[in-house]
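Colleague: Before anything else, here's the structure in question.
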Amino acid sequence: MGAQVNAQTSQYMVYDTRGLSETDAVYEAAIKIADEIMEGIDRLTYSNTIETATLFITGSGAQLILLARSFDEGLIAPAFRSTLKSVSYDSETGYIQRYVIPILDVESPT
């Protein structure tokens with residue numbers, strides 16, 4: 001297990017819990033999809049600031065976790081409503097929204 005920084009982009013951290021010494025097809029696919037999502041977010045006009053983005057890769061799949069800060073309750077975009085998992089509020093920092101975006105669902109061998 002270990003955290004790895006995605007060398008192609010510094011927009012998010014990659015945490016691969018599978019403990020593999022080399023990248024595999026699951027890793028490459030998760031990186032490609034996460035890159036596309038982050039590029040799409042960059043093109044949006046929104047009042048939120050992405051504080052952190054982490055791609056978690058596990059034996060059962062991958063998900064991109066975004067923490068966004070905003071001074072209002074607006075979403076990054078309406079399409080992200082189903083991925084919003086929690087919202088907290090602090091009077092000094094505003095709203096912190098946590099989005100969990102499923103990337104891959106790896107089928108277990110039968």
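Colleague: Report in % the part of the accessible area of the chain that belongs to carbon and sulfur, leaving out ligands and nucleic acids; probe 1.4 Å.
Modeller: That share works out to 51 percent.
Colleague: Same structure again: Choose one answer from THR83, THR52, THR93: the residue with the largest mean-square fluctuation in a GNM of the chain with alpha-carbon springs under 10 Å.
Modeller: THR93
Colleague: Quick one: accessible surface of GLU39, probe radius 1.4 Å, all protein chains present, in square angstrom to the nearest 10.
Modeller: Solvent-accessible area, nearest 10 Å²: 100 Å².
Colleague: Output ³J(HN,Hα) for segment 15-31: one whole-Hz value per residue in order, computed from phi by the Karplus curve 6.51 cos²θ - 1.76 cosθ + 1.60 with θ = phi - 60°, and x for Gly and Pro.
Modeller: The phi angles translate into 10, 9, 7, 7, x, 7, 7, 10, 6, 10, 4, 5, 4, 4, 5, 4, 4 Hz.
Colleague: Right, something else. Let me spell out the model: positive unit charges on the Cβ of Lys and Arg, negative unit charges on the Cβ of Asp and Glu, origin at the Cα centre of the chain. What dipole size does that give, in debye rounded to 20?
Modeller: Here the size comes out at about 200 debye.
Colleague: Next question. How much net charge surrounds TYR27 when only the other residues with a Cβ under 11 Å from the Cβ of TYR27 are counted, with Lys and Arg +1 and Asp and Glu -1? Can you show the working numbers first?
Modeller: Values: positive: ARG18, LYS32; negative: ASP16, GLU22, ASP24, GLU28.
It works out to a net charge of -2.
Colleague: I would also like to ask the following. Determine the per residue accessible area of the chain with all protein chains present and a 1.4 angstrom probe, expressed in square angstrom.
Modeller: 62 Å²
The values are calculated or read from the model by the stated rules, or taken from the named source; none is laboratory data. All figures in this text were calculated on a predicted structure; none of them were measured in a lab. Reconstructed Cβ throughout: ideal geometry from the backbone, glycine too, with neighbour counts over all protein chains shown. The accessibility values were calculated without ligands, DNA or RNA, using every heavy atom of the protein model including side chains. Shrake-Rupley method; radii C 1.70, N 1.55, O 1.52, S 1.80 Å.
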